[in-house]
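So the structure is just underneath, and the comments pick up after that.
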Amino acid sequence: MLKGFRQFLFRGNVIDLAVAVVIGGAFGAAITALVKDLITPLIAAAVGAPDFSALTFTINGSRFLVGDFINAVVGFVLVAAAIYFFVVVPANALVARVNRGAAPPDPTTKACPECLSEVPIGAKRCRFCGSLIGTPAGV
């Protein structure tokens with residue numbers, strides 16, 4: 001029983017997943033610090049109010065904390081923007097630079113001439129409409 005558990009723990013994908021979770025947590029902390037310590041003060045300098053938690057309204061004795069919701073949405077948008085502009089855009093540029101001289105991969109699908117759905121390149125009959133591929137319709 002312990003031998004199977006040991007094999008499970010030392011299987012490659014379990015260790016990869018554990019490393020990804022740890023790196024993801026550290027990366028999340030770094031992005032949150034970037035937004036909290038750099039981007040939010042810049043917005044506060046421009047707008048004048050970095051915290052909206054004081055915004056509330058009351059209806060029939062129920063208090064709605066609209067400001068906390070606005071803070072959460074603004075924080076989410078800032079984190080998403082930071083990830084996009086500081087991680088995704090540079091990573092895409094790096095991948096494009098690496099793949100600049102590479103030939104495009106061979107296609108794996110083709111369009112059915114009858115229904116225009118995508119079918120595997122080696123298919124002789126469309127799985128969606130049943131028509132023969134490579135022959136005129138109705139033959």
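Scanning region 84-106 for residues that are open to solvent by less than 60 Å² (accessible area, probe 1.4 Å) and modelled with pLDDT under 85 returns a single hit, VAL87.
Every residue, every condition in (1) more than 21 Å from VAL73 (Cα to Cα); (2) aliphatic (A, V, I, L, M), yes or no:
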| site | (1), (2) |
| --- | --- |
| VAL19 | yes, yes |
| ILE23 | yes, yes |
| PHE27 | no, no |
| LEU38 | no, yes |
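For region 4-41, the set of residues classified as β-branched (Val, Ile, Thr) and open to solvent by less than 100 Å² (accessible area, probe 1.4 Å) consists of VAL14, ILE15, VAL19, VAL21, ILE31, THR32, VAL35, ILE39, THR40, listed by residue number.
Considering only residues in region 42-71 that are open to solvent by less than 60 Å² (accessible area, probe 1.4 Å) and assigned to a helix (DSSP H, G or I), the one that is farthest from GLY25 (Cα to Cα) turns out to be VAL66.
The values are calculated or read from the model by the stated rules, or taken from the named source; none is laboratory data. As the structure is a computational prediction, the values presented were derived from the model and not from experiment. Note: accessible area is taken over every heavy atom of the protein model, side chains too, but ligands, DNA and RNA are not part of it. Shrake-Rupley method; radii C 1.70, N 1.55, O 1.52, S 1.80 Å.
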